[in-house]
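Data first, discussion second: the structure below is written as structure tokens.
The values are calculated or read from the model by the stated rules, or taken from the named source; none is laboratory data. Just so you know, these numbers come straight off a predicted model, no measurement behind them. Here Cβ is always computed from backbone atoms with ideal geometry, including for glycine, and neighbour counts include all displayed protein chains. The area values use the complete protein model at the heavy-atom level, side chains included, leaving out ligands, DNA and RNA. Shrake-Rupley method; radii C 1.70, N 1.55, O 1.52, S 1.80 Å.
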Amino acid sequence: MEYSKLWDYAAELRRRDPATTILIQALRPTTNANLIFMRMYVCFNAMKLGFVAGCRCVIGVDGAFLKGAYKGVLLVAVGRDANDQMYPLAWAIVKVEKTETWRWFLEELQSNMQIGSGNRFTFISDQQKGLLNAIKELFPDAEHRRCARHVYANFRKDNRGKELQRAFWKCAKATTEVDFIKALGELTNIKQRATAAVLKVHPQFWSKAFFKEDRGLLLEGHADEKFVGDFGPKIWEKIVASREGSKRCRVLWPGGVGYEVEEEDKGKFIVDMNMKTCTYRCWNMTCIPCKHAEAGNNEAFEATENLNDNNPVSQADDPASQMVNEERRPIQERRTREKRKREKKSGNQRPIVQEKSSQTAKTKKRQKKGSTSSTTRPRKGGRSGARG
């Protein structure tokens with residue numbers, strides 16, 4: 001009975017928004033037999049528009065078994081929006097999870113989201129063979145990553161413990177091959193056999209050290225361009241963390257729009273403010289300035305401020321200086337607003353407290369003086385005190 005209502009549901013969705021994609025496939029074994037539900041695909045038009053307007057070129061796909069009265073498998077695809085949060089794209093219900101059903105689901109997704117051959121796109125999934133084959137067939141130019149949580153779940157079966165867990169995630173989050181080898185050495189020191197277990201899946205699929213740098217960007221341009229003057233809250237948190245981390249960095253030498261930055265216990269990195277890259281590779285992959293970029297940005301901003309004070313005419317004609325000012329202005333304006341709020345808050349509260357305390361003391365003193373005088377002051381007629 002419930003399945004018979006799906007066609008009414010689909011008709012209502014199309015009536016509300018004709019651009020919404022909803023497909024229902026059913027099988028009729030014989031002429032007079034009832035329809036048998038096979039599979040269903042849904043992608044709302046709002047999801048299509050939002051994905052193209054402000055999401056990164058990252059798509060995660062996965063399947064889950066339905067455990068209710070009606071069995072089957074739920075296939076889902078999610079993206080990453082410009083604030084680095086999950087963004088639902090499409091979903092489908094199929095009988096089983098295999099290459100044919102995944103190919104059907106991804107073909108519809110490919111058409112709805114205008115993905116093409118997958119150039120600049122990254123797909124993240126588990127190790128389901130049918131899914132791997134479908135992605136390789138439909139998106140030959142896409143980068144395919146494995147979900148690190150799935151990799152860790154398999155690794156954890158024979159390698160438990162907090163130390164091994166921290167060592168694994170240190171390998172996964174390393175952004176350079178040097179850091180990855182160092183983290184892998186720490187893992188080996190904890191448990192030698194754990195190294196072979198973690199390398200069962202090649203690190204190019206789950207470690208940032210081997211990810212391509214031109215993937216995961218926004219569909220309509222650079223993340224910096226998307227958030228000029230109005231950062232998303234999660235992006236701003238990362239920028240604040242990078243700013244705090246830049247305090248542990250030291251700029252060794254400036255070279256136009258390039259800087260060599262040294263970080264404690266990490267080494268030296270080259271930052272290019274014009275290309276928006278850093279050899280630490282965080283900025284390259286996420287378009288969010290890392291701590292080394294922030295250190296170089298601070299140096300550039302101070303240099304252009306001094307140049308502006310000494311020679312404002314030549315500074316206005318320098319494109320590199322203009323670029324630094326444009327990049328830095330939203331952050332500096334926000335810092336200034338926050339500083340003024342703190343100063344205003346601290347400046348208004350303290351005098352009020354002091355004034356209240358002083359008024360309270362004066363009031364108590366007057367009351368005490370008044371009560372004393374009322375008991376000792378003689379009444380008219382020469383009498384004092386209470387009636388006799």
Where the stretch 105-177 is the region considered: accessible area per residue in Å², 1.4 Å probe: 52
Sites matching trypsin sites (Lys or Arg not before Pro) across the stretch 116-180 that sit in DSSP coil, with at most 15 neighbouring C-beta atoms within 10 Å: 157, 160
Using the basic label-point model (7 angstrom from Cα toward the beta carbon), what is the residue 6 to residue 252 distance in nanometres? 6.3
Rounded to a whole %, the carbon-and-sulfur portion of the accessible area of the stretch 1-158 at a 1.4 Å probe is 55
Gyration tensor (Cα only) of the stretch 243-300 to equivalent ellipsoid, semi-axes in Å sorted down, yields 14, 13, 10
First check a/c for the stretch 81-233, with a ≥ b ≥ c the square roots of the eigenvalues of its C-alpha gyration tensor; if it is under 1.5, answer rounded, and if not, answer prolate when a/b is larger than b/c or oblate otherwise. oblate
Cα-Cα over 25 Å, subset of 238/341; 48/291; 5/71; 48/208: 48/291; 48/208
